[in-house]
1. Among the residues of the range 110-128, are any touching a residue at least 12 places away in the same chain (Cβ under 8 Å), within 15 Å of the ligand (Cβ to nearest atom) and under 25 Å from Asp46 (Cα atoms)?
2. Could you tell me which of the residues Ala179, Ala168, Ala99, Ala82 is out of contact with any Pro (no Cβ under 7 Å at 6 or more places or on another chain) and more than 12 Å from the ligand (Cβ to nearest atom)?
3. In the set Arg161, Arg142, which member is at pLDDT below 95 and either closer than 19 Å to Phe349 by Cβ or buried (at least 23 other Cβ atoms within 10 Å of the Cβ) (or both)?
4. Of all residues in the range 314-342, how many are touching a strand residue (DSSP E or B) at 6+ places or on another chain (Cβ under 7 Å) and within 24 Å of Val165 (Cβ to Cβ)?
5. Can you name the residue in the range 233-274 that is among the basic types (Lys, Arg) and in contact (Cβ under 8 Å) with a residue 12 or more places away in the chain and is also surrounded by the fewest Cβ atoms within 10 Å (Cβ to Cβ) among such residues?
6. Failed condition for Asp361, given (1) more than 16 Å from the ligand (Cβ to nearest atom); (2) farther than 30 Å from Lys235 by Cα; (3) touching a helix residue (DSSP H, G or I) at 6+ places or on another chain (Cβ under 7 Å), with all others met?
7. Could you tell me which residue of the range 52-99 is farthest from Gly171 (Cα to Cα), considering only residues that are in contact with a His (Cβ under 9 Å, 6 or more places away or on another chain) and of a type outside the set (Gly, Ala, Ser)?
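The values are calculated or read from the model by the stated rules, or taken from the named source; none is laboratory data. Model, not experiment: these values are computed from the prediction. We place every Cβ from the backbone using ideal geometry, glycine too, and count neighbours over all the protein chains shown.
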Amino acid sequence: MTLGKNNPLRSVSWEKFSHLTPEEKVPLFCQENGWPYHVLIAQQFDRRLLDRVCNLATKTRKIAKTKGGMKFLQDLCSEKRAMLYFSQPSSRTFLSHYAACQIVGIKPAEVRDAHTSSEVKGESQEDSVRTFSSYFDMIIMRHPEGGFAEKIAWMLSQTDRPVPVVNAGSGKDQHPTQAVLDIYTLQRSLEKRRGGIEGSKIAYVGDLLRGRTVRSLAMLLTHYPGVKQYFVAPKELQIGKDILEFLDRHNVQYEITTNFESVIPDMDAIYMTRIQDEWDKPGEKTFDNSAYCLEPRHLGVLKESAIIMHPLPRRKEIPVEFDADPRAKYWRQVRNGMWVRAVLIMMIFDRDREIDRYYEDLMTE
Ligand code: CP
């Protein structure tokens, strides 16, 4: 059962909610069983939840291989409808959520261009989303303002028709579902290569100041003992202090460096990012990131067991010559995103145990 009017956010005033730390907010976003009702911040995911999502994603992938399995999946949430409200551009996050909805039988609808909605007539975004909640059973939203999805989740919780909210990217702040699919990709790849994520060395490279995927992933990786995180960026685009303080609080080892070449040979995973110049001020010169790009010669320097990741879209950070290399996992990330998002939707609607049952029957056939 999802929570509806029983969701714990309902009993908290905006004044109180807006002063809580992310960790204090986490229980307000959960169902009674501890699984997410809203998916808003990376801090919601502990190791038990991450393991559960990864396990369900693998089961769902396998179930979806047959026509009978697809029919079973498509029946899971077939009475539900979802609104995908994306007020920032997106290819992967939008389409993978759309495809995830289709996999579990949810009927998706979209508003991607506010110029086609009554926002052009002066309607507030809050009123727009409240309108969506009258017609749909969940809101999946991307927004340029950090924290806006949380505000919407709180606002809807005060109404007669509260619905779950999924943060599909919020400003320069967080991209929790991307980070979970990144964890699934790391787990699948590093399990085969070195037995798991634990104890690995992972470098993030590029625009770490404005790249929300790295901020969320850095927090999730604190749940894997022994992981050392390397933040490789020019000084002006280095990761925010809040993330480093988070790592300090969790006793996580990390290094900050401007020297990409020096870290490449030692890494188990390299997570490339592009320059997020959509956040540049008008007229501002885009940063030259040549020193933070992979080059074909790096293929010989990188460990045979290492993997290369990128949330995409890419520009020149990874040459296309890398795509055929077995260490390139960024296209697998794209595909994994669909399975992970299907799982999160199933968990929100409390349908995940049906996956376990079907999978057990499948395995004993
Ligand atoms: N990784 C990611 O968020 O890609 P999109 O911007 O295409 O959704």
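1. No: zero hits.
2. Values: Ala179 fails: more than 12 Å from the ligand (Cβ to nearest atom); Ala168 fails: more than 12 Å from the ligand (Cβ to nearest atom); Ala82 fails: out of contact with any Pro (no Cβ under 7 Å at 6 or more places or on another chain).
Result of the check over Ala179, Ala168, Ala99, Ala82: Ala99.
3. The conditions single out Arg161.
4. Summing the residues that are touching a strand residue (DSSP E or B) at 6+ places or on another chain (Cβ under 7 Å) and within 24 Å of Val165 (Cβ to Cβ) in the range 314-342 gives 1.
5. Lys235
6. (3)
7. Within the range 52-99, the match that is farthest from Gly171 (Cα to Cα) is Leu84.
For (1) assigned to a loop (DSSP other than H, G, I, E, B); (2) within 14 Å of the ligand (Cβ to nearest atom); (3) modelled with pLDDT of 95 or more, each residue gets a yes or a no:
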residue: Glu304; (1), (2), (3): yes, no, yes
residue: Ile308; (1), (2), (3): no, no, yes
residue: Arg314; (1), (2), (3): yes, yes, yes
residue: Phe322; (1), (2), (3): no, no, yes
residue: Gln333; (1), (2), (3): no, yes, yes
residue: Asn336; (1), (2), (3): no, yes, yes
residue: Trp339; (1), (2), (3): no, no, yes
residue: Leu344; (1), (2), (3): no, no, yes
